[in-house]
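Novice: Below: one structure in structure tokens.
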Amino acid sequence: MQTLSDDLLAGAQAAADFSGISTRAIYHLVEAGHLPVIRKGKRLYFRRSELEKAFSSAASSS
């Protein structure tokens, strides 16, 4: 079973590295409401499991 700390990515760069797209694209998708994000102050946190879900549903719908 995966714990929250294992599932959490800190920052847009980490999310970009994980998903294979640019940091700029991550920010764009967050602002458009297409990626689930946790905001803590100015930091963005992403869950690996949510990113996988978001990108797998985007790939299957195209």
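The values are calculated or read from the model by the stated rules, or taken from the named source; none is laboratory data. Note that the structure is a prediction, hence the values are computed from the model and not measured. Ideal geometry is used to build each Cβ from the backbone, glycine not excepted, and the neighbour counts take in all protein chains shown.
Novice: Say whether the condition of being modelled with pLDDT of 95 or more and in a helix (DSSP H, G or I) is met by at least one residue in the range 39-47.
Specialist: No, there is no match, as no residue in the range 39-47 is modelled with pLDDT of 95 or more and in a helix (DSSP H, G or I).
Novice: Report yes if some residue within the range 48-56 is assigned to a helix (DSSP H, G or I) and over 16 Å from D7 (Cα atoms); otherwise report no. Can you show your working first?
Specialist: Narrowing the range 48-56 to residues assigned to a helix (DSSP H, G or I): 48-56.
Those still in the list that are over 16 Å from D7 (Cα atoms) too: 56.
Among the residues of the range 48-56, at least one is assigned to a helix (DSSP H, G or I) and over 16 Å from D7 (Cα atoms), which makes the answer yes.
Novice: Now a separate question. Counting only residues that are acidic (D, E) and either closer than 18 Å to T3 by Cβ or in contact with a strand residue (DSSP E or B) (Cβ under 9 Å, 6 or more places away or on another chain) (or both), how many does the range 13-47 have? Walk me through how you get there before you give the answer.
Specialist: Of the residues in the range 13-47, the ones acidic (D, E) are 17, 31.
Retained after the next criterion (residues that are either closer than 18 Å to T3 by Cβ or in contact with a strand residue (DSSP E or B) (Cβ under 9 Å, 6 or more places away or on another chain) (or both)): 17.
Residues flagged as acidic (D, E) and either closer than 18 Å to T3 by Cβ or in contact with a strand residue (DSSP E or B) (Cβ under 9 Å, 6 or more places away or on another chain) (or both) within the range 13-47 amount to 1.
Novice: Further, regarding this structure: Residue check: is R43 surrounded by fewer than 13 Cβ atoms within 10 Å (Cβ to Cβ) and not small (G, A, S)? Spell out how you get there, then give the answer.
Specialist: Working: surrounded by fewer than 13 Cβ atoms within 10 Å (Cβ to Cβ): yes; not small (G, A, S): yes.
For R43, the condition - surrounded by fewer than 13 Cβ atoms within 10 Å (Cβ to Cβ) and not small (G, A, S) - is met.
Novice: Hey, any hits in the range 21-30 for a residue that's surrounded by fewer than 15 Cβ atoms within 10 Å (Cβ to Cβ), part of a strand (DSSP E or B), at negative phi and of a type outside the set (G, A, S)?
Specialist: Checked against the condition, which is being surrounded by fewer than 15 Cβ atoms within 10 Å (Cβ to Cβ), part of a strand (DSSP E or B), at negative phi and of a type outside the set (G, A, S), the range 21-30 yields no hits at all.
Novice: Return the total of residues in the range 3-20 being aliphatic (A, V, I, L, M) and not in a helix (DSSP H, G or I). It would help to see each step written out before you state the result.
Specialist: Quick first cut of the range 3-20, residues aliphatic (A, V, I, L, M) only: 4, 8-10, 12, 14-16.
Add one more test, that the residue is not in a helix (DSSP H, G or I), and what stays is 8-10.
So the answer is 3.
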